[in-house]
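Inspection log for the structure reproduced underneath, given as structure tokens.
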Amino acid sequence: MTESFDADWLALREPADHAARRDALVTTLRAGLAGRAGAEPLEVTDLGSGTGSNLRYLAPRLPVPQHWRLVDHDAALLRRAVAPVGGVEVERWVGDLAADPGAALPPKASLVTGAALLDLVSEQWLARLLAACADQAAMVLFALSFDGRIRWSDSHPLDAELEDAVNRHQRSDKGFGPALGPTAAAACAARLEALGYQVESCTSDWRIDVDQTALGAALIHGWVGAASEMVPERAAELRAWGVARAEALARGEVELTVGHRDVLGWP
Ligand SMILES: C[S@@+](CC[C@H](N)C(=O)[O-])C[C@H]1O[C@@H](n2cnc3c(N)ncnc32)[C@H](O)[C@@H]1O
């Protein structure tokens, strides 16, 4: 089943995504790209770009000139992506990546990147993509892969059941074969190391409190739906859990951490 993503959802998550990302990883990335920067633009390929959140985060932090190839099967999302700073050229590549992960790579990519993508793909798809990146000696940065942690500042009897059901749903096919889900970042790091890459990985967790109740409510709604698909006989209890958690978040009684990881690799 192919996943489609709503522009409103991507806009809702973008501030949390950008706040979660770590300067240290960008510093290592910049150092790795330094030898490649020059008169020719850095060639950056962003897979599953959506409306360009990864472009908006990374482009201002990297040396110019840059040429970005934004890749997505949703042309309407891609149309919203524009260069956030001068010296950055943007190309939109509309196509389905499922069958051939390397299809969208230019002949000489400096950096292949993606945000909130890897947890959707399969082990086999990832292996083919990273092999194609290694063939070009491209740097690789995959940010914001969900790592399975849904943690609250206090406990509710259904938290563990909800987290377990959501994580099983995460492993279902999202259009690329059986999804890596919470294992995506670890699988990416292991495969890069097997290809002889050096790897730096860090957490990029969302911290959600009373100031982000819209994001929290959307997440809770999505989790209740996903968990109820896995255990339909528990749907009513899971709905009640969702109401209780959303109300507690809106009252400022509870905070939520959603675990993510970023993985950077260089040959
Ligand atoms: C979770 S969204 C992340 C979007 C963006 N990177 C961000 O951080 O806001 C995943 C993106 O992957 C794209 N996508 C999903 N399956 C795809 C496929 N088979 N081929 C190309 N793009 C795909 C979706 O359209 C969506 O824009």
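Of the residues examined, Arg22 is one that is of a type outside the set (Phe, Trp, Tyr), in contact with a strand residue (DSSP E or B) (Cβ under 6 Å, 6 or more places away or on another chain) and surrounded by fewer than 18 Cβ atoms within 10 Å (Cβ to Cβ). Screening the range 148-266 for strands (runs of 3 or more DSSP E) wholly inside it with 3 or more residues that are within 16 Å of the ligand (Cβ to nearest atom) returns the ranges 256-266. Total residues in the range 118-129 satisfying the condition of being open to solvent by less than 10 Å² (accessible area, probe 1.4 Å) and away from the ligand (no atom under 14 Å from the Cβ): the figure is 0.
For the range 43-81, a tally of residues being of a type in the set (D, E, K, R) and near the ligand (Cβ under 10 Å from one of its atoms) returns 4. Taken as a whole, the condition of being more than 16 Å from the ligand (Cβ to nearest atom) and either open to solvent by less than 30 Å² (accessible area, probe 1.4 Å) or within 19 Å of the chain's Cα centre (by Cα) (or both) applies to Leu29. What are the pairs with Cβ atoms under 7 angstrom where one residue, in the range 219-245, is within 11 Å of Leu162 (Cβ to Cβ) and the other, located anywhere, is at pLDDT below 95? Sequence gap at least six, or different chains. Final answer for the pair search is none.
Between Ala132, Ala115, the distinction of being near the ligand (Cβ under 10 Å from one of its atoms), at pLDDT 95 or above, of a type outside the set (Lys, Arg) and open to solvent by 10 Å² or more (accessible area, probe 1.4 Å) belongs to Ala115 only.
The values are calculated or read from the model by the stated rules, or taken from the named source; none is laboratory data. This is a predicted model, so every value here is computed, not measured. Backbone-built Cβ (ideal geometry, glycine too); neighbour counts: all protein chains shown. What goes into the accessible areas is simple: the full protein's heavy atoms, side chains included, and nothing from ligands, DNA or RNA. Shrake-Rupley method; radii C 1.70, N 1.55, O 1.52, S 1.80 Å.
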